[in-house]
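Here's the structure, in structure tokens; my notes come after.
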Amino acid sequence: MNRERDSVDAGEPRASFGFATVDARAKQGLVNGVFARVARRYDLMNDVMSGGLHRLWKDELVAWLAPPKGAAPYALLDVAGGTGDIACRVLTASGKGARAVICDISAPMIEAGRQRAGGEQRLCFVRANAEALPFAARSFDAYSTAFGMRNFTHMEVALAEAFRVLKPGGRFLCLEFSAVEMPLLDRLYDAYSLTAIPALGAIVAGDADAYRYLVESIRRFPDQKTFTRLIENAGFERVRYRNLTGGIAALHSAWRL
Ligand code: SAM
């Protein structure tokens, strides 16, 4: 499977949009279109297509993050936070001092998240691009992102922004679909994801193409070791990863020291 992502063609920067290669300047608009279409059914569809597995993977992220239980201030930034699943889980696992900012570029995803969060005072939503975060340098204790990174046009810019907004001693965690590292599972997973997920997307969210993009974009995302190097290139240290369900997803952890 070709995991090449970006290229330059006749001087024009190109980016992958699923299996297609598009003008890099057009990619974000296409991604925004996908999430505007699925926002209302996004949470339901996550459960349906992963059989609930995404909940276990997100719990792994929270367990590895191990947010503090006390009353001391603790600021989390969850980027590409969508409907707020990760931020809510982190707040549930942390003490009274924790606050979370959910940052996402999609107004419909944020709207779905606001409805779901109700009046939770420790949460706030900010609409912004992961590649140009509207936050001061060194302002967060932790930066998390789940299933967002592969949608960004310039991942290295988003990683540099993650590094910039973290305090020294701050923690970076990224949960993303990855490269399956178990022989039989990889073929089963390919068959399931490339055919069944778009079909489920058509039934549950009324949009096969959106879910075809989501599956194809997984195949364009760098494998575990390549992504480790990208994180290191952004300046992070102690970069480690854990495979989840044989590498269907992977959790990368790093520190700004
Ligand atoms: N983190 C949530 C979760 O795990 O359920 C949502 C993940 S959803 C697959 C990807 C999210 O990335 C969408 O809400 C989308 O709007 C957001 N996104 C895509 N490009 C973005 C960008 N450049 N900056 C911020 N958010 C972005």
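The values are calculated or read from the model by the stated rules, or taken from the named source; none is laboratory data. What you see is a predicted model, and the numbers here were worked out from it, not measured in a lab. Cβ: placed from backbone, ideal geometry, glycine included. Neighbour counts: every protein chain shown. These accessible areas exclude ligands, DNA and RNA; they are computed on the full protein's heavy atoms, side chains included. Shrake-Rupley method; radii C 1.70, N 1.55, O 1.52, S 1.80 Å.
I'd like to know if region 140-148 contains one or more residues that are under 24 Å from ALA254 (Cα atoms), among the hydrophobic types (A, V, I, L, M, F, W, C) and more than 9 Å from the ligand (Cβ to nearest atom).
Checking region 140-148: at least one residue is under 24 Å from ALA254 (Cα atoms), among the hydrophobic types (A, V, I, L, M, F, W, C) and more than 9 Å from the ligand (Cβ to nearest atom).
Looking at region 244-254, is at least one residue open to solvent by 50 Å² or more (accessible area, probe 1.4 Å) and part of a strand (DSSP E or B)? Please lay out each step first, then the result.
Step one: filter region 244-254 for residues open to solvent by 50 Å² or more (accessible area, probe 1.4 Å), giving 245.
After this cut, where a residue has to be part of a strand (DSSP E or B) as well, the list is none.
Checked against the condition, which is being open to solvent by 50 Å² or more (accessible area, probe 1.4 Å) and part of a strand (DSSP E or B), region 244-254 yields no hits at all.
How many residues does region 137-162 hold that are in contact with a Lys or Arg (Cβ under 9 Å, 6 or more places away or on another chain) and of a type in the set (Gly, Ala, Ser)?
Residues that pass the stated criteria total 6.
Go over the candidates VAL215, VAL239 one by one and state the one that is in contact with a Ser or Thr (Cβ under 6 Å, 6 or more places away or on another chain), buried (at least 17 other Cβ atoms within 10 Å of the Cβ), modelled with pLDDT under 95 and not in a loop (DSSP other than H, G, I, E, B).
VAL215
Inspect all residues belonging to region 145-160 and state whether any of them is touching a Cys at 6+ places or on another chain (Cβ under 9 Å), farther than 24 Å from ARG240 by Cα and in contact (Cβ under 8 Å) with a residue 60 or more places away in the chain.
No, region 145-160 contains no residue that is touching a Cys at 6+ places or on another chain (Cβ under 9 Å), farther than 24 Å from ARG240 by Cα and in contact (Cβ under 8 Å) with a residue 60 or more places away in the chain.
Select from region 160-191 the residues that are surrounded by 14 or more Cβ atoms within 10 Å (Cβ to Cβ) and assigned to a helix (DSSP H, G or I) and list them in ascending order.
Once the filter is applied, which keeps residues that are surrounded by 14 or more Cβ atoms within 10 Å (Cβ to Cβ) and assigned to a helix (DSSP H, G or I), region 160-191 yields ALA160, GLU161, ALA162, PHE163, ARG164, VAL165, LEU185, ASP186, TYR189, ASP190.
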